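Structure first, commentary second.
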Amino acid sequence: MKKMLWLLSISVILFSCTNEQYITDEEIFGLASPINLSVDTTIVILNDYFMDVSVIRKLTLDSAIGFFWSADKKELKLWAKTDRVPALSMLDIQTGKGFYQILVKRNESRMVKFIYHDKKYSLAHQQRRKIFVRGDFNGWSNIHDSLTLFGLGFYTLNLRLEPGVYQYLFNVDDKDELDADSIRDSTSNGNGGYNSVIKVGMDNTHSAYLSTYATRKNEIEIHSINVEKVFVLWQNQFMPVDKDKNGVLIINLPVAAKRMKRSYIRVYGYERPHTADDLLINTQSLSNDLLIPLENGKVITDAKQLTREDKEGNIYYFMMVDRFLDGNKNNTQKVKDDSLADRANYYGGDLAGITQKIKEGYFSSLGINTLWVSPLNQNPEGAYHEYIPPQRKYSGYHGYWVVSISNVDHRFGTEAELIEMVAEAHKRNINVILDFVSNHVHMENPIYQQHKDEWFNSIFLTDGTKNLRRWNQYDLTTWFDEFLADIDYTKDAPLQLFTDSAVGWIKRFDLDGFRHDAVKHVPQIFWRTLTYKLKKEIEIPQHKHLIQIGETFGSRALMKSYIGSGQLDAQFDFNVYFDSRIAFIDDKVNFTKAKDAVNASLEYFGHHHLMGNITGNHDITRFMAYAGKGMSFSDNDRETGWNREVKVEDTLGYNRLQMMTAFITTIPGTPVIYYGDEIGMTGANDPDNRRPMIFDSLNKFQLQTRAIASKLCALRRSQMSLMYGTYEDLECNEKTYSYLRRYFNEATLVIFNKSNVPLTVSYQLNAGNANTSFGSTLILNSGKLTATIVPYGFEIITIKE
């Protein structure tokens, strides 16, 4: 375990300029996301950062990085000229107003060799075999990464992977196998089987680390451990630093920051060489990063100063409108079709029902400040057969079968009711974001009827087969079903129409952003075009920061490729969810699985990312179905809900769900609660996981679970350390998982006990005082904190110096 970081320091001091020349009327909207160098050529789209690239006069980069700037100033190509590219450097951009800096991160990927042994067959037979490696680094594709027969008896493949923990399997002649190599680990896949595991670049025990230490009237004190060099940015402008003899970084707050309601200090660093050999090769890894919000030039230390536009403070609540609450019986309309099962039909939930709960204070009492509502577009009046067996019929109750890109479905309500719902939410400082479907439209949509041969990808491939649900092989052209036409965004006309439609929803209804469906199936030009329009037409004129969070099932690298200044803010972190779900539910799974997942996401997305940490969602089996033993991970989750009623068989599942909720509300990222998870609703996969919401006649376990969820959300929103703090693992094993979040003089200690006996832990934290949130026994003696956690429970301890 590392020593507490605020007791240690090295590094640097910042000297302020008496004649500082910071730009407050910035030509970059928001904080510029760092540029991540790829192994080969990196393409930087400068419109991601500047609305008008013609203002750029000059670009300067580190001498180890080569670049080519296009004549139209829109594209910048970067490459490594030598193998001495620094871990961090700056892209310096000069405009007529002054200078901006964008951080440039060296590629940290490692070459990994996969070896498959095969000694049972002849050489002739081995030459005919098809062997792939598939894992969370390639979206579990069994067509992309093929192994080559290297010699009699084994196949090899070299892949470059970013630091992280990866699960994988060998796909051998269309059958999955574990890696038989003894040095590989294996872990439960959450579905009754196992995956092989490999850790890449996460075994460095001397990681560099930065920590906020103190804030004074006009300066900030930062401490560090094992840091060689630090880069500090105010907004998008470099603040020069130098080393201090006392080993402390002092940041003098810019006078210019006093003229801005909200601005930010960002701090990055990389580690010092450990050995003489480290001086000869690029082995230094990046430190964590710091994000410090300012209000009129002063550091924010009280969470009450935050508003609903401070995205780090978001807590999302996702409801499927039709299944939440029927507030207006007059618009309730089921599809009349005897072959349509009731659970696949409309239930009557509507906008009026959501507004009712907003007014009653349901979301406010739960601690929610961002509502995510399922798509509201008009959907077809009838039902359609799913093409995969057993070809059940479904209606469009969920909203994802868009028939009109501009009209509100009459079964959900009217435009006036949507305006009222948003207004009532805003009165209570609650954001409303809309689920937006950009990948496809329903075949009944007039746009498809008029332009099916021009604006849509063909359902047929060149070999005559149908391009249906070929998620990996034809990810940007595959149809989701035979009646859902895939939009071709290589054509400008649909690109402009559908991005204009999205902007129109924000303008007409004063929405606060989008949850984007099926992001990886939509090309990046769509996201860049949409984000550019949102900035130009709404965000910059209204000084409003919209939310854009996406859905991508796949590798972290794939998710990250859609995140940045010109695209989305974040995506939902399904990798953290699946790894932590099994860790909290299965007593035989070590907590290391959850810990490694958190750290892998920090490596990929940064320590102050906005990735959505979910309790569940509408496309996967409910957490409680497994935790409450209504289902096992080996069950067919899609068919189980059709064949029997899934119930809570073990009330210990509520404790496990409470721990999961505590986890997502205390790790870096933004918490997302799927409707019903606050009370422990259960259910198998779609549509069983979309049961009607329950508000009344709750049992004592459901009431307790909701009360704890409410308290956790309140803690999240009241403690700066949980929104802007550093993250440090303290202890992790089969039964115990603890970590520390720290922001200046406030620290939050989180401890989980996954055992059937009380757990007593002790940590030397030099705490001045400490308070528990959930009643655990606590002893504080000379800075040493000792706590006893109940079986299958957790504690959150707030520490003040």
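The values are calculated or read from the model by the stated rules, or taken from the named source; none is laboratory data. Note that the coordinates shown come from a computational prediction; the quantities given were computed from them, not determined experimentally. Backbone-built Cβ (ideal geometry, glycine too); neighbour counts: all protein chains shown. For accessibility, only protein heavy atoms count, side chains too; no ligands or nucleic acids. Shrake-Rupley method; radii C 1.70, N 1.55, O 1.52, S 1.80 Å.
Observations
- Prolate/oblate/rounded label for region 578-617 (Cα gyration tensor, a/c 1.5): oblate
- Between His117 and Asp453, the FRET efficiency from the beta-carbon distance, with R0 = 56 Å, is close to 0.65.
- Mean Cβ count within 10 Å, highest first, over the residues of peptides 695-703, 450-458, 415-423: 415-423, 450-458, 695-703
- Positive minus negative residues near Phe68 (Lys, Arg vs Asp, Glu; Cβ under 15 Å): +2
- Modelled FRET efficiency - R0 56 Å, Asp181 with Leu461, Cβ distances, 0.05 increments: 0.90
- Cβ-defined net charge surrounding Arg741, 13 Å radius [Lys, Arg +1; Asp, Glu -1]: -2
- With every protein chain in place, the chain: carbon and sulfur % of accessible area (1.4 Å): 49
- Phi-based couplings in Hz for region 89-97 (Karplus 6.51, -1.76, 1.60; Gly and Pro marked x): 8, 10, 8, 8, 10, 9, 10, x, 8
- In this structure, the residue pairs whose Cα-Cα separation is over 27 Å, taken from Lys536/Lys560; Lys74/Lys533; Lys466/Lys491; Lys120/Lys595, are Lys120/Lys595.
- Order of exposure, largest accessible area first, which applies to His125, His521, His117 with probe 1.4 Å: His117, His125, His521
- In the chain, the calculated helix contribution to ellipticity at 222 nm averages -5500 deg cm²/dmol per residue, counting -39,500 (n - 2.57) for every DSSP H run with n ≥ 4.
- Gyration tensor verdict on region 380-465 (Cα atoms; rounded if a/c is under 1.5, prolate if a/b is larger than b/c, oblate otherwise): prolate
- Per-pair calculated FRET efficiency, R0 = 45 Å: Asp342 and Asn107 via Cβ, rounded to 0.05: 0.25
- Accessible surface, per residue, of the chain when the full set of protein chains is kept, probe 1.4 Å, Å²: 40
- Length gained when the stretch Met51-Leu476 is fully extended (0.36 nm per residue, less Cα-Cα span): 150.3 nm
- Ranked packing of 57-67, 166-176, most packed first, by mean Cβ within 10 Å: 166-176, 57-67
- Dipole of the chain, positive end: most advanced residue of His521, Ala32, Ala570 [Cβ charges, Cα centre]: Ala32
- Matching label, Rg/Rh (Cα atoms, Kirkwood Rh) computed from the structure shown, candidates [x] 0.98; [y] 0.95; [z] 1.18: [y]
- The 3J(HN,Hα) values that the Karplus relation (6.51, -1.76, 1.60; θ = phi - 60°) gives for region 581-590 are, in residue order, 4, 5, 5, 7, 8, 9, 5, 7, 9, 5 Hz. Gly and Pro appear as x.
- In nm, spacing of pseudo-spin labels at Lys800 and Gln127 (7 Å Cα→C-beta vector): 7.7
- Using the Cβ of Arg556 as centre and a radius below 10 Å, the other residues enclosed give a net charge of -3, where K and R count +1 and D and E count -1.
- The string of couplings for region 596-611 from the Karplus curve (6.51, -1.76, 1.60, θ = phi - 60°) is 4, 5, 4, 5, 5, 5, 5, 4, 7, 9, x, 7, 10, 6, 10, 4 Hz, one whole number per residue in order, with x for Gly and Pro.
- Stretched out straight at 0.36 nm per residue, the stretch from Trp69 to Ser365 would grow longer than its current Cα-Cα span by 101.3 nm.
- Packing-based order for 68-77, 577-586, 721-730, using average beta carbon neighbours within 10 Å, highest first: 577-586, 721-730, 68-77
- Using 0.36 nm per residue and subtracting the Cα-Cα separation, the extra length available between Asp619 and Asp173 on full extension is 157.6 nm.
- Cα shape, region 277-407, gyration tensor, a/c 1.5 rule: oblate
- With a threshold of 31 Å on the Cα-Cα distance, the over-threshold entries among Lys73/Lys113; Lys199/Lys544; Lys700/Lys735; Lys261/Lys520 are Lys73/Lys113; Lys199/Lys544; Lys261/Lys520.
- Only the Cβ atoms of Lys and Arg (+1) and of Asp and Glu (-1) were treated as charged; on that basis the dipole of the chain about its Cα centre amounts to roughly 1420 debye.
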